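Engineer: Below: one structure in structure tokens.
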Amino acid sequence: QVQLVESGGGLVQPGGSLRLSCAASGSIFSIYAMGWYRQAPGKQRELVAGITRGGSTNYADSVKGRFTISRDNAKNTVYLQMNNLKPEDTAVYYCNAESGTLVAGIMDYWGKGTLVTVSS
């Protein structure tokens with residue numbers, strides 16, 4: 001019932017910046033948190049940044065001070081501003097939405113991912 005579409009990935013040199021976008025559609029009224037995850041080859045998917053319906057944010061230690069998650073409620077869109085990118089940031093970045101009600105239960109939704117490559 002929720003669809004997520006990511007955009008903004010690409011190739012960037014170390015020290016550069018990118019901004020990822022995630023647009024949500026469908027039954028967005030039930031979403032209580034959204035976040036960005038990433039998965040590098042041979043590694044587990046990890047949480048990069050999250051934001052709740054109330055606006056609270058959290059970040060992985062590896063990106064604190066460099067990445068910023070934000071939202072535009074009017075556009076049902078969340079963003080991830082990534083600054084001072086490092087080669088170790090190279091991964092497929094996925095948008096996630098946590099949705100649910102007392103009646104329907106909790107459900108996670110995922111976008112298809114967008115590739116970020118940080119390389120000289």
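Engineer: Take Asp72 and decide whether it is closer than 19 Å to Arg53 by Cα and either acidic (Asp, Glu) or touching a helix residue (DSSP H, G or I) at 6+ places or on another chain (Cβ under 7 Å) (or both).
Structural biologist: Answer is yes for this residue.
Engineer: Counting residues that are at pLDDT 95 or above and β-branched (Val, Ile, Thr), which strands (runs of 3 or more DSSP E) fully inside the stretch 70-120 reach at least 1? Full working, then the answer.
Structural biologist: Numbers: elements: 77-82, 91-101, 105-110, 114-118.
Qualifying strands (runs of 3 or more DSSP E): 77-82, 91-101, 114-118.
Engineer: Restricting the search to the stretch 20-31, which residues are on the phi < 0 side of the Ramachandran plot and either surrounded by 14 or more Cβ atoms within 10 Å (Cβ to Cβ) or without any contact (Cβ under 8 Å) to a residue 12 or more places away in the chain (or both)?
Structural biologist: Looking only at the stretch 20-31, we keep the residues that are on the phi < 0 side of the Ramachandran plot, and these are 20-25, 27-31.
Scanning the stretch 20-31 gives Leu20, Ser21, Cys22, Ala23, Ala24, Ser27, Ile28, Phe29, Ser30, Ile31.
Engineer: Within the stretch 44-55, can you find the residues that are touching a residue at least 24 places away in the same chain (Cβ under 8 Å) and either more than 11 Å from the chain's Cα centre (by Cα) or over 12 Å from Ile69 (Cα atoms) (or both)?
Structural biologist: Listed by number, the list holds a single entry, Arg45.
Engineer: What residue, among those in the stretch 55-69 that are in a loop (DSSP other than H, G, I, E, B) and at pLDDT 95 or above, is least open to solvent (accessible area, probe 1.4 Å)?
Structural biologist: Val63
Engineer: Could I ask something else about it? Collect the residues in the stretch 70-113 that are free of Cβ contacts under 8 Å to residues at least 12 places away in the same chain and either open to solvent by less than 60 Å² (accessible area, probe 1.4 Å) or in contact with a Pro (Cβ under 9 Å, 6 or more places away or on another chain) (or both), keeping them in residue-number order.
Structural biologist: Correct list: Asp72, Gly105.
Engineer: Suppose we keep only residues that are touching a strand residue (DSSP E or B) at 6+ places or on another chain (Cβ under 8 Å) and outside any strand (DSSP E or B) within the stretch 44-54. Which one would you say is modelled with the highest pLDDT?
Structural biologist: Checked the stretch 44-54; the qualifying residue modelled with the highest pLDDT is Arg45.
The values are calculated or read from the model by the stated rules, or taken from the named source; none is laboratory data. Every value quoted in this text rests on a predicted model; they were computed, and no experiment measured them. A quick note on method: Cβ atoms are made from the backbone with ideal geometry, for glycine too, and the neighbour counts reach across all protein chains shown. The protein model used for the area step is the full one, side chains on, heavy atoms only, and it has no ligands, DNA or RNA in it. Shrake-Rupley method; radii C 1.70, N 1.55, O 1.52, S 1.80 Å.
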